[in-house]
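The values are calculated or read from the model by the stated rules, or taken from the named source; none is laboratory data. Just so we're clear, the structure is a prediction, and the values are computed from it rather than from any experiment. Cβ sites come from the backbone with ideal geometry, for glycine too, and all protein chains shown count toward neighbours. These accessible areas exclude ligands, DNA and RNA; they are computed on the full protein's heavy atoms, side chains included. Shrake-Rupley method; radii C 1.70, N 1.55, O 1.52, S 1.80 Å.
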Amino acid sequence: MSGSDLPCPPPDPNPRTPNFKMPKDAVDTHAHLFGPAIKYPYSRKRGYTPPDATLAAYDALHRMLGVDYGVLTQPSVYGTDNTLMLDVLRDRPDRLRAVVAVEKTITDRELEHMNALGVRGIRINLVDKGGMPYESFTDVE
């Protein structure tokens, strides 16, 4: 079984409303969105192939839980292709922020553009690399 064929469970299809009320302005601080793969293709170097976890499902989960804001983190299966993340930020600028993955060659202009959309951090994943470009922290400079 290749890494891209490893099983990956889908999001819970039947989440339950918690028995407590979230505080006002509650923030989901780490989430991943996936797919659809036809629009947002996965890296060939990925370690797994996830089922879709769409913005619509994420929004529905937040409504049910009473979460007001979210921070999305670039999943390794997309490597440094942040297209999905940036599309989502354009669609939900009032409530979502993101952490992206970038190449060493990223320009200040590209970073400024991402910042304007709501990117607030960069992910360097050395454990579950997938399509991530760095081998070590010394490789980051």
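Counting only helices (runs of 4 or more DSSP H) that sit completely within region 41-121, those holding 2 or more residues that are open to solvent by 10 Å² or more (accessible area, probe 1.4 Å), over 30 Å from R16 (Cα atoms) and without any contact (Cβ under 8 Å) to a residue 24 or more places away in the chain correspond to 108-117.
Would you say T17 is in a loop (DSSP other than H, G, I, E, B), open to solvent by less than 60 Å² (accessible area, probe 1.4 Å) and touching a residue at least 24 places away in the same chain (Cβ under 8 Å)? In short, no. Residues in region 93-116 that are out of contact with any strand residue (DSSP E or B) (no Cβ under 8 Å at 6 or more places or on another chain) and under 22 Å from D68 (Cα atoms): P93, D94, N115, A116. Of R46, R97, R92, all but one fail to be closer than 23 Å to P11 by Cβ and under 11 Å from the mean Cα position of the chain (by Cα); the exception is R97.
P36 satisfies every condition listed in (1) part of a loop (DSSP other than H, G, I, E, B); (2) in contact (Cβ under 8 Å) with a residue 24 or more places away in the chain; (3) surrounded by fewer than 18 Cβ atoms within 10 Å (Cβ to Cβ) except (2).
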